[in-house]
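The structure under discussion appears below in the form of structure tokens.
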Amino acid sequence: MTPIEKVEGRAIPFGLKNVDTDVIIPAHWLKTVSREGMGQGAFESLRADPDNLFDSAESKARRFPDS
């Protein structure tokens, strides 16, 4: 397996301490040998809330124009 050398993306402060790894990526997304498509599972439980911070106006204002 090729090691990950660089990660690029945006960061959103969401005020939680000690975030459980199952919140970051639920276990059912880890049943693959590929990393493709895993972003869809990132913070899945938080994103299910219609008022989630990832889709808030403040979060959207911080995004890069091409995102």
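The values are calculated or read from the model by the stated rules, or taken from the named source; none is laboratory data. Given the structure is predicted, the values throughout are model-derived calculations rather than measurements. Methodologically, a virtual Cβ is constructed for each residue, glycine included, from the backbone with ideal geometry; neighbour enumeration extends over all protein chains shown.
Quick notes on this one:
- Meets criteria (within 22 Å of S59 (Cβ to Cβ) and modelled with pLDDT of 85 or more) for I12: no
- Number of positions in the stretch 27-65 that are surrounded by 10 or more Cβ atoms within 10 Å (Cβ to Cβ), of a type in the set (D, E) and outside any loop (DSSP other than H, G, I, E, B): 2
- Residue count, the stretch 27-41 (criterion: of a type in the set (S, T, N, Q) and over 21 Å from F54 (Cβ atoms)): 2
- Single residue of the stretch 4-26 satisfying the filter (hydrophobic (A, V, I, L, M, F, W, C) and part of a loop (DSSP other than H, G, I, E, B)) that is farthest from L53 (Cα to Cα): I4
- Pair list, Cβ < 6 Å and 6+ apart or interchain, from the stretch 36-59 residues that are aromatic (F, W, Y) to residues that are part of a helix (DSSP H, G or I): F54/R47
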